[in-house]
Amino acid sequence: MVFQLLWGGNVLKSFDTDTVFDVNAIVSHVLFTVLFDEVRYVHTIAELQSVERAAKGKADIVLGHVQVLGLPEHRALMETAFVYGVKYQFVLTTGGPVLTNMGVEDISSLTAGLWFLHCKGASQSQHSDPCPHTALRRALTTLHIYTFLQLMEAPLVVRSQSEASVEPSEVNMVHSHLQVPLLFLFSQPHTVALDRVTAQTLAWRLRGQVGLVLIHRESPDVKIPLEYNAAYRLPGEGSEVKYLILNNLEEVIDLFRDESTPEEEEDDDNWATLDVLDDEVAESVYRDRGQSLDMDAVTELTADIFHSAVAESDYTVVLFYVKWDAVSMAFMQSYIEVSESLEDADVSDVELAVLDCGEWTDVCSAQKISFFPTVRLYRPQEPSQPYQGMLGTESLNRFIMLSRLVSPVLLSSPDEVTSFLKGDLYQRHAAIAPVTVLGLFSSTADAGVSVFKEAAKALRGETMVGLFADRQAEIWAVEYSVTLPAILVSRGPTGQTEAHSLNLSMPDQLVTHIQRALLDTFPELTVENLPLYLELKKQLLVLFVGEEERGRKENRVLEDMRSLLNTGLINPYLPCWIHLGRTPAGKAVLEAYLGFLPLLPALVVSQLATGGEVFHYPTGRPLMVQPILQWLQRVEDGEEPPTGVIVDEKWMPSMPFYDFLSVMDQEVPGYASQRSAKTKTSRIERAEGEKSSSGERQARAGAHNPQGSPTTKPPQTPHHHSEL
């Protein structure tokens, strides 16, 4: 299989499946192509020196090294080049002599690295001298690179009167916000010149690791004991300043050289947490990374056993996932819990299995898996059935239990029909499927029976479907004022039974018709069913009730609302209700609607589909049919002012750093706006026109050079399956 990068209908580059093995590989390869003419590739010291000579006095250089293309380090480097490409000259090296020139002693052990070459301040007269450089001494992640570049822009030594004539605990500079330790040197009036030289020397040796501040003792605001000549403050809110006596520069260097101190490990953990804040699911997976999953509860499939496994069991549920997808890993725990619950319930004919599409790409391609996670149920000699419900334990368990039932259930007598509609026929499943559907036909010879059976198969896992084909159905059709064929929708022993005539043209149309009929006319909205009702595109007439509305009071309020349905005057609305006790998220919804929390019960009209205006039924007015109808009429006539408006807010990044376009504009005003389709086309056209240039030849040669060159991650051999 081959993936293609297209622009304007033209193929810019093709990638084999093995080269785009996860999201990091996809992003890095796309940026690799788009930025081809902006990122320089060097393989020798002479090539690097040539880039340095051209940059001296003009721009600093960011030199990156990755051994393997497509890994997270490659993605982080290319993302940074995309954001900061106009400010710095980015250079990518494949290792070898260039790494030796940067001071790397063991080249084979370095998988990725980054250096900042200070060429902008270098003089053109120093033609042969290399630019001073600073190495990134942390993992090559997007956030670490961003922090590193901010530190490179920070003053080498803070020593101005306004910034450094205060107590160390009151110093506030960029290093503190970037989670970097601060080192304070205390200067005497008669040694200021020497102290500045010392601070400058230390700052260069600790650049990127420590922020250095030179504090003048003569300031009246500085009250530091005379016996101390230095102090430091570790990153973190509430961190204390620690004073000490230093006798030489090496003592200072040793103080910050050991990066495995407990404080540094905690700092790394804080930064790693920030690195996933842009995605709540990814963050939850990261926070639970220490919890091991009990994979013994499920069967781990491979390419060798997949087909035999799904053929041996009556019902095989397979979760197709990839380890790099946060949603897949978050859902994995729920999936395991379903397997354990089925075992506890003594359900022996269902096998739950998982298959890692990152390893067994051939199986997932053959099964046409296009997104992750995907759950499918397999039955022998039948097409697989996709699971389309919520990614949670309760919803998946319900789907599996209902999928085990025959659909449709063939009923042969009026007594069986009554038992089926009341839930007595399948008492074990009545709790998870309180709504049942019964198809009514006058005879099994009716042409629509086969269409109904196909629709019933498609509805397995959603509800229980029965079929009754007999002359008795004609009598029931008259009682319910419908024509055959028809369906009866029963909402349990205490609920009402509704009748709907059917149009049996195609099975998929019938499935949609039945699904709409399953929706309640006055539903209790929950997180799970809300999307189904929003698809109706109606204005919501929502009644919010709390824990205090219990028993008779709650029933009376709900009955008054149900009485509105009988008037036939609220067809433009979907009357519904939310119980804030059972659905706590409804409290946040109500507050977002009105801007405050009113007394309960509260009746609200939400016009989400037509402008987002929200109207609140006056507090204290009785919730009765006529007052509500009069209020709705005033809303429709524009006589009732809206209480609030639901603003169509933009989905902004959770941290400023993740807003890449703003970062671009902050560095070079107007630069992000240049990333229009026209500008992108010109860049890509240049890249496409230079595919035969020396840089492209070097990149291709490097991809096949085992001596330290970037190579595409090799395909994983399909004869084993690694543990999670």
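The values are calculated or read from the model by the stated rules, or taken from the named source; none is laboratory data. Computed from a predicted structure; not experimentally measured. Glycine gets a Cβ as well: all are built from the backbone with ideal geometry, and neighbour counts include every protein chain shown. Note: areas computed on protein heavy atoms with side chains; ligands, DNA, RNA excluded. Shrake-Rupley method; radii C 1.70, N 1.55, O 1.52, S 1.80 Å.
Examine the range 340-355 for a residue that is in contact (Cβ under 8 Å) with a residue 60 or more places away in the chain and crowded, with 19+ Cβ neighbours inside 10 Å, and state whether such a residue exists. No, there is no match, as no residue in the range 340-355 is in contact (Cβ under 8 Å) with a residue 60 or more places away in the chain and crowded, with 19+ Cβ neighbours inside 10 Å. Annotation note: Cβ proximity below 7 Å between a residue of the range 571-582 that is touching a residue at least 12 places away in the same chain (Cβ under 8 Å) and a residue that is surrounded by fewer than 14 Cβ atoms within 10 Å (Cβ to Cβ) and in a loop (DSSP other than H, G, I, E, B) (sequence gap 6+ or interchain) occurs for 574/536; 581/547. Has the range 338-349 got at least one residue that is farther than 23 Å from residue 428 by Cα and either in contact with a Ser or Thr (Cβ under 8 Å, 6 or more places away or on another chain) or not β-branched (Val, Ile, Thr) (or both)? No - not one qualifying residue is present in the range 338-349.
The residue pairs whose first member lies in the range 59-72 and is on the phi > 0 side of the Ramachandran plot, whose second member is part of a loop (DSSP other than H, G, I, E, B) and open to solvent by 10 Å² or more (accessible area, probe 1.4 Å), and whose beta carbons are closer than 6 Å, counting only pairs six or more residues apart or on different chains, are 70/713. Every listed requirement among (1) out of contact with any Leu (no Cβ under 8 Å at 6 or more places or on another chain); (2) under 17 Å from residue 437 (Cα atoms); (3) of a type in the set (A, V, I, L, M) is met by residue 506 save one, (2). For the range 205-239, filtered to residues that are under 40 Å from the mean Cα position of the chain (by Cα) and free of Cβ contacts under 8 Å to residues at least 12 places away in the same chain, the residue that is nearest to residue 150 (Cα to Cα) is 237. Can you find even one residue in the range 590-600 that is of a type outside the set (Asp, Glu), within 12 Å of residue 540 (Cβ to Cβ), open to solvent by less than 70 Å² (accessible area, probe 1.4 Å) and touching an Asp or Glu at 6+ places or on another chain (Cβ under 7 Å)? No, because not a single residue in the range 590-600 is of a type outside the set (Asp, Glu), within 12 Å of residue 540 (Cβ to Cβ), open to solvent by less than 70 Å² (accessible area, probe 1.4 Å) and touching an Asp or Glu at 6+ places or on another chain (Cβ under 7 Å).
One residue stands out among those in the range 558-579 that are open to solvent by 30 Å² or more (accessible area, probe 1.4 Å) and in contact with a helix residue (DSSP H, G or I) (Cβ under 9 Å, 6 or more places away or on another chain): the one that is modelled with the highest pLDDT, which is 572.
Go over the candidates 214, 206, 226 one by one and state the one that is modelled with pLDDT of 70 or more, over 30 Å from residue 140 (Cα atoms) and open to solvent by less than 30 Å² (accessible area, probe 1.4 Å). Checking each option against the conditions leaves just 214.
Total residues in the range 443-471 satisfying the condition of being aliphatic (A, V, I, L, M) and in contact with a Pro (Cβ under 6 Å, 6 or more places away or on another chain): the figure is 5.
Of all residues in the range 305-323, none satisfies being under 23 Å from the mean Cα position of the chain (by Cα), among the small types (Gly, Ala, Ser) and open to solvent by 20 Å² or more (accessible area, probe 1.4 Å).
Taking the stated definitions as given, is residue 511 over 25 Å from residue 387 (Cβ atoms) and surrounded by fewer than 20 Cβ atoms within 10 Å (Cβ to Cβ)?
On the way: over 25 Å from residue 387 (Cβ atoms): no; surrounded by fewer than 20 Cβ atoms within 10 Å (Cβ to Cβ): yes.
Answer is no for this residue.
Taking each residue of the range 92-118 that is modelled with pLDDT under 85 and looking for partners that are part of a helix (DSSP H, G or I) and of a type in the set (Gly, Ala, Ser) with beta-carbon atoms closer than 8 Å, six or more apart or interchain, yields 94/702. Residues in the range 608-635 that are in contact (Cβ under 8 Å) with a residue 60 or more places away in the chain, over 21 Å from residue 555 (Cβ atoms) and either surrounded by fewer than 18 Cβ atoms within 10 Å (Cβ to Cβ) or acidic (Asp, Glu) (or both): 608, 609, 610, 629.
The sole residue among 302, 273, 261 that is modelled with pLDDT of 70 or more, hydroxyl-bearing (Ser, Thr, Tyr) and open to solvent by less than 70 Å² (accessible area, probe 1.4 Å) is 302.
Quick check on the range 356-379: of everything there that is in contact (Cβ under 8 Å) with a residue 60 or more places away in the chain and within 23 Å of residue 459 (Cβ to Cβ), which residue is nearest to the chain's Cα centre (by Cα)? So the residue we want is 377. All of (1) assigned to a helix (DSSP H, G or I); (2) buried (at least 19 other Cβ atoms within 10 Å of the Cβ) hold for residue 92 with one exception: (1).
Assess whether residue 28 counts as being under 27 Å from residue 150 (Cα atoms) and either open to solvent by 30 Å² or more (accessible area, probe 1.4 Å) or modelled with pLDDT of 80 or more (or both). Here the answer is yes, as residue 28 does meet what is asked. When you scan the range 98-106, do you find a residue that is under 13 Å from residue 45 (Cβ atoms) and of a type in the set (Ser, Thr, Tyr), even just one? Yes, there is a match, as at least one residue in the range 98-106 is under 13 Å from residue 45 (Cβ atoms) and of a type in the set (Ser, Thr, Tyr).
The sole residue among 59, 55 that is open to solvent by 20 Å² or more (accessible area, probe 1.4 Å) and modelled with pLDDT of 90 or more is 59. Of all the residues in the range 460-508, those that are closer than 23 Å to residue 562 by Cβ and open to solvent by 60 Å² or more (accessible area, probe 1.4 Å) number 6. Answer yes or no: is there a residue in the range 445-468 that is over 44 Å from the mean Cα position of the chain (by Cα) and of a type in the set (Ser, Thr, Tyr). For the range 445-468, residues over 44 Å from the mean Cα position of the chain (by Cα) and of a type in the set (Ser, Thr, Tyr): absent.
Residues of the range 515-538 that are within 18 Å of residue 559 (Cα to Cα) and either free of Cβ contacts under 8 Å to residues at least 12 places away in the same chain or under 27 Å from the mean Cα position of the chain (by Cα) (or both): 525 alone.
With respect to the conditions (1) at pLDDT 90 or above; (2) open to solvent by less than 20 Å² (accessible area, probe 1.4 Å); (3) of a type outside the set (A, V, I, L, M, F, W, C); (4) under 23 Å from residue 142 (Cα atoms), residue 74 falls short on a single one, namely (1). Annotation: of all residues in the range 324-339 being touching a strand residue (DSSP E or B) at 6+ places or on another chain (Cβ under 8 Å) and open to solvent by 10 Å² or more (accessible area, probe 1.4 Å), the one that is nearest to residue 397 (Cα to Cα) is 339.
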